[in-house]
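Only one structure is covered here, and it is reproduced in the block below.
The values are calculated or read from the model by the stated rules, or taken from the named source; none is laboratory data. Since the structure is predicted, the reported quantities are computational estimates derived from the model, not experimental observations. No Cβ is skipped: glycine too gets one built from the backbone with ideal geometry, and neighbour counts run over all protein chains shown. In case anyone asks, the SASA skips ligands and DNA or RNA and just uses the protein heavy atoms, side chains included. Shrake-Rupley method; radii C 1.70, N 1.55, O 1.52, S 1.80 Å.
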Amino acid sequence: MNVVIRSTGLWKPEESVSNDELVACYNAYVERFNDENATAIERGTVEALNPSSSAFIEKASGIKSRYTIDKDGVLDVERMRPRVAPRPDDEISLMAEAGLAAARQALETAGRDPKDIDAVICSATSMQRTYPCIAIEIQKALGIEGFAYDMSVACSSGTFGSISAINMIKTGMAKSVLVITPEITTPQLNFRDRDSHFIFGDVAIAALIEAEDMPGDAGWAVRGTRMMTTYSNNIRSNFGFLNASEEPAPAFEDRYFVQEGRKVFKEVCPMVIDLINTELGKLDWTSADLKRMWLHQANINMNMMIARKVYDREFSSEEAPIVLDEYANIAGAGSLVAFHLHHDGFESGDKGLICSFGAGYSAGTIFLEKR
Ligand code: CO8
């Protein structure tokens, strides 16, 4: 059974925070911390904090802004965390709401009725709650029969979720699957950490993945897939259900996202370059066959290095589009958001690659051919 990506849909928060706004808040926090701890800093028992800078952020990461579910909370120096109002159990959850908006756009673009969908996969870095699954909540909101489940593989959540759907269709278990990656990352970030306060943004992406013979737009045929993981502690979250029982109680700062950014850079780039080249070889393709690579959006320098090595030449921004300047790192949604925003200009037979990489380590490839 041939499988296609039929359509995609995107949701983003209304509010965006620029580097300058983020840095102004961080530096106000630093000034206050250093004032309050002046004596201890002088004695050498507390280390003074250093200010952040927009110029560093843009040079080191390529990020210029990020969307967030609550700009006020992020930029409130007393808080530096988005404010999220608790919702009653009979109201849709925040993650499901974001995912639903992206899913509705994907269905509308494909002209597909929810009754034709067999399954929903919600695949994201973290889930707002464990059960009922966010995917089942979205399934109910759309009135889809069949089944739904959540899964999570950090920055490869979108590709691994899509590959799960592709395999489901290949085995005949389903004909039409919605894969939704709502990444609500800003509540998971320590905005008081200079090394990482600028990295992430909020978004949701949905992909409608179907058997080729279903009616509708020809879509993008899936020609090859690969999932790979190899253990690394260099990107880590210690947040989980055991936190509430831990004695002594854990600090917020080291529960959520921590990373050794330089090590990640050095280790992940060669891993991904090797993976892409190996998979190209299995298809009897070369990089010259790839009109475009929709890469995970972690860091512009990583993307440049990977694209340059795979193409083995200088390349244009059309060949490896960047969305992280506006969206920042959007975790498991990155490569699919790049695909959603930059898939124009393909003729039938043109080829491309969706590729994720990140924590785990994990990496996923989906090789596509425009039908
Ligand atoms: N402002 C000014 N200066 C700074 C700042 C700042 N904000 N931060 C650091 N500096 C300084 C440092 O102090 C250092 O100074 P010195 O040289 O004097 O010691 C200098 O700048 C260089 O610091 P770094 O070595 O840390 O900076 P890099 O140039 O390596 O850039 C990056 C840092 C941007 C983090 C870079 O290493 C990078 O992008 N690495 C790859 C990271 C990556 O891709 N990670 C993937 C993570 S995402 C993922 O896998 C999914 C997890 C899901 C998360 C879900 C939500 C939270």
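Taking the conditions exactly as written (within 15 Å of the ligand (Cβ to nearest atom), within 26 Å of residue 202 (Cβ to Cβ), touching a helix residue (DSSP H, G or I) at 6+ places or on another chain (Cβ under 8 Å) and in a strand (DSSP E or B)), does residue 356 satisfy them or not?
So residue 356 passes the test.
Being open to solvent by 10 Å² or more (accessible area, probe 1.4 Å), in contact (Cβ under 8 Å) with a residue 24 or more places away in the chain and touching a Gly at 6+ places or on another chain (Cβ under 9 Å) narrows it down to one residue among 200, 147, 160; which is it?
160
Name the one entry in 159, 171 that is within 16 Å of the ligand (Cβ to nearest atom) and not small (Gly, Ala, Ser).
159
Return the total of residues in the range 174-188 being open to solvent by 10 Å² or more (accessible area, probe 1.4 Å), within 16 Å of the ligand (Cβ to nearest atom) and out of contact with any Phe, Trp or Tyr (no Cβ under 6 Å at 6 or more places or on another chain).
2
From 265, 257, 252, grab the single residue that is within 11 Å of the ligand (Cβ to nearest atom), more than 16 Å from the chain's Cα centre (by Cα), open to solvent by 20 Å² or more (accessible area, probe 1.4 Å) and of a type in the set (Phe, Trp, Tyr).
265
Can you tell me which residues in the range 301-328 are within 16 Å of the ligand (Cβ to nearest atom), at negative phi and part of a loop (DSSP other than H, G, I, E, B)?
Listed by number, the residues that qualify are 320, 322, 323.
Would you kindly identify the helices (runs of 4 or more DSSP H) lying entirely within the range 36-142 that contain at least 2 residues that are over 25 Å from residue 356 (Cα atoms) and either open to solvent by 70 Å² or more (accessible area, probe 1.4 Å) or not basic (Lys, Arg) (or both)?
38-43, 54-61, 71-75, 134-142
Only one residue in 180, 166 is in contact (Cβ under 8 Å) with a residue 40 or more places away in the chain and touching a Gly at 6+ places or on another chain (Cβ under 9 Å). Which one?
Answer to the check: 180.
Read through the list (1) more than 16 Å from the ligand (Cβ to nearest atom); (2) under 30 Å from residue 284 (Cα atoms); (3) open to solvent by 40 Å² or more (accessible area, probe 1.4 Å), then give the number of the only condition that residue 227 fails.
All conditions pass for residue 227, except number (1).
Whether any residue in the range 329-343 is of a type in the set (S, T, N, Q), touching a residue at least 24 places away in the same chain (Cβ under 8 Å) and assigned to a helix (DSSP H, G or I) is what I want to check.
Yes; the residues of the range 329-343 include at least one that is of a type in the set (S, T, N, Q), touching a residue at least 24 places away in the same chain (Cβ under 8 Å) and assigned to a helix (DSSP H, G or I).
Check 137, 58 and return the single one that is of a type in the set (Asp, Glu) and within 16 Å of the ligand (Cβ to nearest atom).
Every option except 58 fails the conditions.
Quick check on my filter: what residues within the range 3-26 are open to solvent by 60 Å² or more (accessible area, probe 1.4 Å), within 19 Å of residue 340 (Cα to Cα) and either at pLDDT below 95 or part of a strand (DSSP E or B) (or both)?
11
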